[in-house]
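Reading through the structure tokens given below for one structure.
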Amino acid sequence: MKAIVIYFSHSGNTRKAAEYVANALGLDTAQIMPNDSDSNYWAPVEFNPDDYSDYIIGYPIIDGSIPRHFQEFLSSIDWRGRKVYPLCTMGGYLGEVEYQLHKACQGASFRDGLKLKFIDGKCTSFDKDISSWTAYIQRDARLF
Ligand SMILES: Cc1cc2nc3c(=O)[nH]c(=O)nc-3n(C[C@H](O)[C@H](O)[C@H](O)COP(=O)(O)O)c2cc1C
């Protein structure tokens, strides 16, 4: 059983949360960037999905959606037999993201997620929320 944090972050909020979880649990990370020449696709990453069974998936909500390149990347993975822990950063409007994530990760076992609300780059409940969610992942994924 191996876990990884995969994420996309435009302005840094999701990166901060993703790095917190990865550092606290000693996990690998992969940032999935859009390809410069085609924003609807992802840039190649050094990452083999077959190496991992548990995925912490971090993304921002942009215009009520998960950024398209990130949805497309997620859709390229065979999720059967894999666990997903959703990590969402946002301003307050969920839009379609939960539907989109379930669609992109069809077949995954969805575990409890975390939503962090950032206003002007700050999330007042960050420390409390992310530390308790990280402890939950550690127990749930048996990362000891
Ligand atoms: C262009 C733009 C559109 C956004 N649309 C939404 C939205 O629809 N719903 C929401 O809750 N937050 C929205 N936000 C806020 C971001 O989701 C929030 O700031 C997030 O933490 C950004 O993550 P990042 O710093 O990792 O890119 C939007 C931000 C930007 C810049």
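The values are calculated or read from the model by the stated rules, or taken from the named source; none is laboratory data. From a predicted model like this one, the values you see are computed outputs, not experimental measurements. For neighbour counting, all protein chains shown are included, and Cβ atoms are generated from backbone atoms with ideal geometry for every residue, glycine included.
I'd like to know if segment 32-41 contains one or more residues that are outside any loop (DSSP other than H, G, I, E, B) and free of Cβ contacts under 8 Å to residues at least 12 places away in the same chain. Before the answer, list the steps.
Start the filter on segment 32-41 by keeping residues that are outside any loop (DSSP other than H, G, I, E, B), which leaves 34-35, 38-41.
Add one more test, that the residue is free of Cβ contacts under 8 Å to residues at least 12 places away in the same chain, and what stays is 38.
Yes - at least one qualifying residue is present in segment 32-41.
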Can you list the helices (runs of 4 or more DSSP H) lying wholly within segment 66-144 that have 3 or more residues being β-branched (V, I, T) and within 20 Å of N23 (Cβ to Cβ)?
126-140
State the number of residues belonging to segment 6-21 that are more than 16 Å from D129 (Cβ to Cβ) and either touching a Lys or Arg at 6+ places or on another chain (Cβ under 8 Å) or buried (at least 21 other Cβ atoms within 10 Å of the Cβ) (or both).
4
Can you find a residue in segment 64-80 that is modelled with pLDDT of 95 or more, within 16 Å of the ligand (Cβ to nearest atom) and more than 15 Å from F8 (Cα to Cα)?
yes
